[in-house]
Amino acid sequence: MKKILVIGAVGQIGTELTMELRNLHGGDNVIASDIKLSDCEKLNVSGPFETLDIMDKNAIVALIKKHNINTIVDLAAILSATGEKNPTLAWNVNINGFINVLQIAVEYKIQQVFIPSSIAVFGPGTPLDSAPQETVLKPTTMYGITKVAGELLGDYYVKKYNLDVRGLRYPGIISNETLPGGGTTDYAVDIYYSAIKYGKYTCFVKEDTRLPMMYMPDCLKASLDLMNADFSKLVHHGDFNVGAMSFSVKEQAENIKKYIPNFTIEYKPDYRQDIADSWPNSVDDSAARNEWGWKPSYDLDAMTQDMLKVIGEKHKLGLV
Ligand code: NAD
Ligand code: AKB
């Protein structure tokens, strides 16, 4: 039986991945933890919560012992935009925190460690279209540097200690449960909330900015599919490209206009433009497709319809 500790469970992905894991393994078998508390009622009532700083190795060990943990999902992170404001914090949380997890995993015979990477591993020198699985990785953000280092660390622990470490390079994740936590791709989420609430949006990147994106149901599916894949059949471990869709802000705005004809958008690019410009337009995810059968379900139009429906209902109830 799996006993899972999710670190960083209160974030955009953690909130939904924790609930999905609880549906599959039982609420009491999935321990949510984070440095901050959640205001998501569904997360708070569906299973145990522990306050945890991933930098505190002793506190992680105490939770492993208290709950007989055999699986760790490390979602604690400082994302790209926040990371540029505090690069040292990004290094500490994303790398020193992860090393704590890896060392503890070896010592306490943890069966699996899952940690996401990101399209932020790419940078100048990476082909812009269909960025290959194996390519130049020279990110220009501290966040990207930590993600490349994290992938290498994961692979090192697989090879040296035979530890089961898995991860995938999420594109920008779009969702409607918990707001994104300080990334560059946050605009692709904010635009839907703003369209519903105000009928207009001011975007912090230019209209022709095109990035790989994925809707949360596909993100959850990719994460669970990789967690459940046969480890002995994996050639890659911590660095799978996963694609779903790729669109410019202009195309996303046009798509929203199909359903909210009066929606307007203006562009005021800030420091996040440079970060977005350093990432590719799309990724080649054939390794994920071949090694564990990855296949996304949502395209831009299906996602837009669902986002507008869910956020629209929340808006009517005064929740957003
Ligand atoms: P998020 O910022 O929404 O959540 C991160 C969580 O980590 C937050 O709840 C935060 O409180 C917690 N945290 C920060 N410092 C901590 C610490 N010291 N100890 C414990 N918890 C701490 O991020 P997310 O979008 O949910 O990202 C989850 C993972 O997915 C990260 O590894 C991120 O790099 C990766 N990822 C996310 C996206 C995306 O678009 N959301 C894309 C690519 C990769
Ligand atoms: C960010 O923009 O920092 C994240 C990511 C793509 O890793 N959403």
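Since every read-out is calculated from the coordinates, none of them should be taken as a lab result. Note that the structure is predicted; figures quoted are calculated from it, not measured. Counting neighbours? That spans all protein chains shown, and the Cβs are built from the backbone with ideal geometry, glycine included.
So for the chain, taking the charge dipole from beta-carbon charges (+1 Lys/Arg, -1 Asp/Glu), which of M227, G199, L152 sits furthest toward the positive end?
Positive-most Cα among the choices belongs to M227.
Quick one: which residues, 5+ away or cross-chain, put their amide H under 5 Å from the amide H of Q111? H built at 1.01 Å from N.
T71
R0 = 22 Å: FRET efficiency of V235 with Q111, Cβ-based, nearest 0.05? Don't jump to the answer; show the numbers that get you there.
Working: r = 20 Å, r/R0 = 0.92.
The formula returns an efficiency of 0.60 here.
Using the alpha-carbon atoms, what tilt in degrees (0 to 90, nearest 10) does helix 187-198 show relative to the longest principal axis of the chain?
On a 0 to 90 degree scale, this one is about 50.
Reachable lysines from K109, Cα under 18 Å, same-chain residues fewer than 8 places away excluded?
The reachable lysines, counting only those whose Cα sits under 18 Å from K109, are K2, K3, K57, K65, K66, K159, K160.
Once you have a ≥ b ≥ c as the square roots of the Cα gyration tensor eigenvalues for region 144-202, tell me rounded if a/c is under 1.5, and otherwise prolate or oblate according to whether a/b is larger than b/c. Working shown, then result.
On the way: a/c = 5.49, a/b = 3.32, b/c = 1.65.
Judged from the Cα gyration tensor, region 144-202 comes out prolate (a/c at least 1.5, a/b above b/c).
Tally the DSSP beta bridges in region 153-253 and give the antiparallel ones as a percent, rounded to 5. Write out the running numbers ahead of the final one.
On the way: 4 of 9 bridges.
In region 153-253, DSSP labels about 45 percent of beta bridges as antiparallel.
Placing unit charges on C-beta atoms (Lys and Arg positive, Asp and Glu negative, everything else neutral), compute the dipole magnitude of the chain about its Cα centre in debye, rounded to 20.
Details: 32 positive and 39 negative charges, 92 e Å.
That gives a dipole near 440 debye.
In the chain, what percentage of the DSSP-assigned beta bridges are antiparallel, given to the nearest 5? Display every interim value, and only then the final one.
Numbers: 4 of 32 bridges.
Of the beta bridges lying entirely in the chain, close to 10 percent run antiparallel.
Would you kindly derive the ³J(HN,Hα) couplings of region 220-237 from the backbone phi angles with the Karplus curve 6.51 cos²θ - 1.76 cosθ + 1.60 (θ = phi - 60°), listing them in order in whole Hz, with x for Gly and Pro?
5, 4, 4, 5, 5, 4, 5, 4, 8, 5, 6, 4, 5, 8, 7, 8, 8, 9
Please give every one of the lysines within straight-line cross-link reach of K295, meaning a C-alpha to C-alpha distance under 23 Å, and leave out same-chain neighbours fewer than 8 residues apart.
Candidates past the 8-residue exclusion: K221, K233.
Excluding residues on the same chain fewer than 8 positions from K197, give the lysines whose Cα lies under 21 Å from its Cα.
By straight Cα distance, K197 reaches K250, K257, K258, K268, K309, K314, K316.
Taking region 205-320 as the region of interest, what is the percent of Cα-Cα pairs per 5 angstrom bin, listed from the shortest bin to the one with the maximum distance?
For region 205-320, the binned pair fractions read 2, 10, 16, 17, 17, 16, 11, 7, 3, 1, 0 percent.
Express as a percent, rounded to the nearest 5, the fraction of DSSP beta bridges in region 1-111 (both residues included) that run antiparallel.
0
Got the relative contact order for region 1-151 handy, in percent, Cα pairs under 8 Å and 6 or more residues apart? Write down the numbers at each step before the final one.
Numbers: 257 pairs, mean separation 33.1, N = 151.
Reported as a whole number, the value is 22 percent.
In whole Å and largest first, what semi-axes does the C-alpha gyration tensor of the chain yield when each eigenvalue is scaled by 5 and square-rooted? Walk me through the intermediate numbers first.
Values: eigenvalues 189, 104, 65 Å².
Semi-axes (√(5λ), whole Å): 31, 23, 18.
If the elastic network links every pair of Cα atoms under 10 Å, which of V121, V235, V73 fluctuates the most in the Gaussian network model of the chain?
Maximum fluctuation in the GNM of the chain, among the listed residues, is at V235.
Mean 1/r over all different Cα pairs, inverted: what Kirkwood radius does region 1-52 give, in Å? Don't skip to the end; give the middle numbers.
On the way: mean 1/r = 0.0963 Å⁻¹.
Across region 1-52, the inverse of the average 1/r is 10.4 Å.
Please report the orientation-averaged projected area of region 70-141, defined via the convex hull of its C-alpha atoms, in nm².
5.7
Once you order the gyration tensor axes a ≥ b ≥ c over the Cα atoms, which shape class does region 1-89 get: rounded for a/c under 1.5, otherwise prolate or oblate by comparing a/b with b/c? Numbers along the way, then the final one.
Numbers: a/c = 2.12, a/b = 1.39, b/c = 1.52.
Oblate shape, in that a/c is at least 1.5 and b/c is the bigger or equal ratio.
With +1 assigned to the C-beta of every Lys and Arg and -1 to the C-beta of every Asp and Glu, and no other charges, what is the dipole magnitude of region 1-76 about the Cα centre in debye, to the nearest 20?
Values: 8 positive and 10 negative charges, 66 e Å.
In debye, rounded to 20, region 1-76 gives about 320.
Return one number: the angle in degrees, 0 to 90 and rounded to the nearest 10, between the long axis of the Cα atoms of helix 97-107 and the longest principal axis of the Cα atoms of the chain.
Tilt of helix 97-107: around 30 degrees.
Would you work out the Kirkwood radius for region 60-190? I mean one over the mean of 1/r across all pairs of different Cα atoms, in Å.
Result for region 60-190, one decimal place: 15.7 Å.
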